[in-house]
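The values are calculated or read from the model by the stated rules, or taken from the named source; none is laboratory data. Because the structure is a prediction, the values reported are computed rather than measured. Here the Cβ is made from the backbone with ideal geometry for all residues, glycine too, and neighbour counts use every protein chain on show. Surface accessibility is based on the protein's heavy atoms, side chains included, excluding ligands, DNA and RNA. Shrake-Rupley method; radii C 1.70, N 1.55, O 1.52, S 1.80 Å.
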Amino acid sequence: MAFDKTPGWLDWYSGPSKPQFKLPPNAVDAHCHVFGPGAEFPFAAERKYTPCDASKAQLYALRDHLGFARNVVVQATCHGADNRAMLDACTSSGGRARGVATVKRSVSDAELRSMHAAGVRGVRFNFVKRLVDFTPKDELLEIASRIHSLGWHVVIYFEAVDLPELWDFFSALPNTIVVDHMGRPDVSQGLNGPEFELFVQFMRQHPNVWSKVSCPERLSVRGPKALNGQQSAYADVVPFARRIVQTFPDRVLWGTDWPHPNLKDHMPDDGLLVDFIPQIAPTAGLRQKLLVDNPMRLYWPELQPEST
Ligand code: 0GY
């Protein structure tokens with residue numbers, strides 16, 4: 001089937017730069033997607049956008065170019081609850097990709113077990129209104145409880161302004177919870193603004209909550225331009241991500257978010273995104289946790305050294 005991209009849709013950046021920052025061995029890109037290709041894996045009827053194609057081969061070429069060892073492929077809303085493209089990416093990765101699925105209440109236990117065998121280790125609940133229609137909370141709670149017995153976690157995506165209303169629901173989830181993109185702070189409110197303070201409090205009060213400190217390109221108001229050569233790209237996001245990394249070093253993950261859905265103003269060079277990492281994780285110890293130890297513990301626990 002042929003698909004026309006949403007008008008104004010920016011394609012992913014071809015020819016990304018080679019990062020100056022050398023990733024540690026076994027680093028994991030813990031948030032990225034595949035889109036189609038639409039001719040092979042059609043986009044869902046209920047989608048809110050139609051992306052460009054972004055195949056598993058292109059994702060894995062980027063992985064190798066940037067110096068990552070592994071990926072976590074997160075189901076994108078343009079595929080709804082049809083997980084075939086994500087599952088295909090996982091099963092053809094030679095064990096180097098895990099997945100996060102979107103499922104409905106109607107999913108069978110056999111389907112969940114088969115997804116587990118393919119590499120799925122979590123489901124995503126999306127509360128961003130421009131991306132999805134509302135799913136009843138009782139359905140989500142039922143799913144969370146069923147996947148809990150498989151040892152899976154729940155990835156949640158929401159806007160900072162919605163956290164107060166979602167707090168009790170998140171608190172009721174029995175799983176490990178992974179928040180996408182720091183709960184999308186409005187960085188113009190400042191590091192000590194009430195919404196980001198609430199997010200920090202949320203992580204403090206819930207030891208089962210982790211955060212991806214990803215997507216500076218999505219959160220930045222200033223954008224990719226360095227200021228007088230003094231500050232880096234996306235400098236206004238650095239203090240937010242660094243605060244989360246330094247406060248919760250054992251519960252943070254990082255990902256490129258390739259192929260960067262729904263960016264209208266600019267498309268980031270993924271090499272520059274990798275160069276952002278040392279600013280938010282200023283020591284080698286923090287970077288080891290963020291890029292290797294934490295994602296390996298969550299997604300490849302079987303490869304973890306035995307603790308004594
Ligand atoms: C992201 C962010 C977005 C989109 C999706 O599944 C998706 O469609 O996650 C967004 O538009 O903010 O994490 O890729």
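Placing pseudo-labels 7 Å out from each Cα toward the beta carbon at Arg204 and Ala117 gives an inter-label distance of 4.7 nm.
Given the pairs Lys225/Lys289; Lys5/Lys129; Lys5/Lys48, which are separated by over 22 angstrom at their Cα positions? It would help to have the intermediate numbers written out before the result.
Numbers: Lys225/Lys289 29 Å; Lys5/Lys129 20 Å; Lys5/Lys48 11 Å.
Going by Cα-Cα distance, Lys225/Lys289 fall outside the 22 Å limit.
Using only the Cα atoms of the range 161-308, build the gyration tensor, take square roots of its eigenvalues as a ≥ b ≥ c, and label the shape rounded, prolate or oblate: rounded if a/c is under 1.5, else prolate if a/b is larger than b/c, else oblate. Verdict is oblate for the range 161-308. Among the GluC sites (Glu not before Pro) in the range 25-124, those placed in a DSSP loop whose Cβ has at most 13 other Cβ atoms within 10 Å are Glu40, Glu46. With a Förster radius of 41 Å applied to the C-beta separation of Thr91 and Lys22, the computed FRET efficiency comes to 0.85. Using every pair of distinct Cα positions in the range 28-301, the Kirkwood expression returns a hydrodynamic radius of 18.8 angstrom. Rolling a 1.4 Å probe across all protein chains gives Asp186 an accessible area of roughly 70 Å². Between Ala39 and Trp167, the simple spin-label model (points 7 angstrom out along Cα→Cβ) gives 5.2 nm.
A cut-off of 5 Å between modelled amide H atoms, ignoring neighbours fewer than 5 places along the same chain, links Ala97 with Asn71.
What does the charge count near Thr6 come to, summing +1 for each Lys or Arg and -1 for each Asp or Glu among other residues with Cβ under 14 Å from its Cβ? Local charge sum for Thr6: +2. Using θ = phi - 60° in the Karplus curve 6.51 cos²θ - 1.76 cosθ + 1.60, the 3J(HN,Hα) couplings for the range 239-256 round to x, 5, 5, 5, 4, 5, 5, 6, 7, 10, x, 9, 10, 10, 9, 9, x, 6 Hz; x is entered for Gly and Pro. For Trp210, the residues whose amide H sits under 5 Å from its own are Ile177, Val178, Val179, ignoring neighbours fewer than 5 places away on the same chain, with H placed 1.01 Å from N.
Normalised per residue, the accessible area of the chain is 42 Å², obtained with a 1.4 Å probe and no contribution from ligands, DNA or RNA. In this structure, the amide hydrogen of Thr256, modeled 1.01 Å from its nitrogen in the peptide plane, lies closer than 5 angstrom to those of Ala30, His31, counting only residues at least 5 positions away or on a different chain. To put it simply, the accessible area of the chain at a 1.4 Å probe is 52 percent carbon and sulfur. Our estimate of slack between Leu303 and Ala81, defined as 0.36 nm per intervening residue step minus the Cα-Cα distance, is 77.0 nm. What the phi angles of the range 33-41 give under the Karplus curve with 6.51, -1.76 and 1.60, with θ = phi - 60°, is a coupling list of 9, 10, 10, x, x, x, 5, 9, 10 Hz, glycine and proline written as x.
For the range 93-163, the list of trypsin sites (Lys or Arg not before Pro) that fall in a loop by DSSP and count at most 11 other C-beta atoms within 10 angstrom reads Lys104, Arg130.
Mind giving me the FRET efficiency for Ala2 and Ala110? R0 is 35 Å, r the Cβ-Cβ distance, nearest 0.05 is fine.
Rounded to the nearest 0.05, the efficiency is 0.55.
For the range 293-304, 3J(HN,Hα) computed residue by residue from phi via the Karplus equation (6.51, -1.76, 1.60; θ = phi - 60°) reads 4, 5, x, 5, 5, 7, 10, 10, x, 5, 9, 6 Hz, glycine and proline entered as x. Pairs from the table (Lys18/Lys212; Lys104/Lys212; Lys104/Lys137; Lys56/Lys104; Lys22/Lys264) lying more than 20 angstrom apart at Cα are Lys18/Lys212; Lys104/Lys212; Lys56/Lys104; Lys22/Lys264.
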